[in-house]
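Quick note: the coordinates plus some simple rules give every number you see, no bench work behind them. In this text the structure is predicted, and so the values were computed from the model without any measurement. Cβ placement follows ideal geometry from the backbone for every residue including glycine, while neighbour counts extend to all protein chains displayed.
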Amino acid sequence: ELLQLWTRSDEYHNSFLIKPDAVLEAVQKNTKEKGIDYEIAVSPAQGKFLNLLLLSIGAKRVLEVGSLGGYSAIWMARALPDGGEVVALELEQLHAQTIEENVKNAGLSSKVKVIVGPAHQSMKDMHPQTPFDFVFIDADKENNTNYFIEAKRLIRKGGIIIVDNVGRRGRPADPSSTDSSIEGVRELLRYIKDDTEVEATTIHTVGEKGFDGFLGVPGVPPQAALQE
Ligand code: SAM
């Protein structure tokens, strides 16, 4: 019943703020037809929020960890100028093929590059000449801390790291929840608490995806930012 309430509210706000979008509807349809659980993609409001964040920092290079069918990657690629790129890390071959198809149908092939394989290894193998402006972490939650450590290495000063699904219906705060994905959120929180280089905050969200949250971190030690 709460989910209905939140979904109705999301849809109400979207009806003013997000135009009907045949491209993204086709992405969802194609992803679903492949038998992929497209429900775990971000919502339209969250996708647009990522898009606006990228526009606000003038992002050109984006790293996405966990891409499913490319729904959030497309929202983000749309914010990039010519020459900009979303590098999408995805474990599953079927998902990777679906991302390629969806991105092509969206006319964004030149702006999205998919790397197939375990994302932690793909990140460790990266030594980009130009760091990323933005990293969106949305894969297996058990590896949240590994992804966060690599994201910090790969991001430019003043960039932004966002970690999805940290609210998880409040379960990280519930001691009786012990599954590994919940433990992955707790481990990241403990890690950030002890990390003297970053400041972060969690914004809990409710909406058509239920009760969840984004954790946001500027990719720069705040002290260093002040000194410059
Ligand atoms: N960001 C996508 C969106 O909003 O449209 C949703 C991503 S979905 C929640 C998580 C994705 O992470 C799945 O496609 C899954 O295959 C992928 N994944 C899981 N473990 C992974 C790993 N070790 N390396 C790379 N991708 C992984």
Theoretical FRET efficiency, 1/(1+(r/R0)^6), r = Cβ-Cβ of GLU92 and THR202, R0 25 Å, to 0.05
0.35
If one computes the Cα centroid of segment 133-165 and of segment 85-120, what distance in Å separates the two points?
18
Describe numerically, in nm with one decimal, the distance between label points set 7 Å from Cα along Cα→Cβ at GLU100 and at ASP37.
2.5
Say the cut-off is 20 Å between C-alpha atoms; which of LYS32/LYS111; LYS60/LYS111; LYS29/LYS209; LYS32/LYS60; LYS111/LYS152 go over it?
LYS32/LYS111; LYS32/LYS60; LYS111/LYS152
In segment 122-162, with Lys and Arg counted as +1 and Asp and Glu as -1 at Cβ, which of these residues, ILE161, THR130, ALA151, has the Cα nearest the positive end of the dipole, that is, farthest along it?
THR130
How far, in nm, would the chain grow between GLU11 and GLN129 when pulled straight, counting 0.36 nm per residue and subtracting the alpha carbon separation?
38.3 nm
Grab the beta carbon distance between GLU142 and LEU52, set R0 = 41 Å, and tell me the FRET efficiency rounded to 0.05.
0.85
Choice from VAL217, VAL198, VAL62 showing the highest fluctuation, given a GNM over the chain with Cα pairs closer than 10 Å:
VAL198
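Can you put THR145, THR178 in order of Cβ neighbours within 10 angstrom, beginning with the fewest?
Details: THR145 19, THR178 10.
Fewest to most other Cβ atoms nearby, the residues stand as THR178, THR145.
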If neighbour count is taken as other Cβ atoms inside 10 Å, put LEU89, LEU108 in order from fewest to most.
LEU108, LEU89
Residues with amide H under 5 Å of ILE155's amide H, sequence separation 5 or more or different chain, H placed in the peptide plane at 1.01 Å from N; which?
PHE132
Just for the chain, what percent of DSSP beta bridges are antiparallel, to the closest 5?
40
Once both label points are put 7 Å beyond Cα along the C-beta direction, the THR178-LYS113 separation in nm becomes 4.4
Using the Cα centre as the reference, give the magnitude of the dipole from point charges on the C-beta atoms of the chain (Lys, Arg: +1; Asp, Glu: -1; all else neutral), rounded to the nearest 20 debye.
460
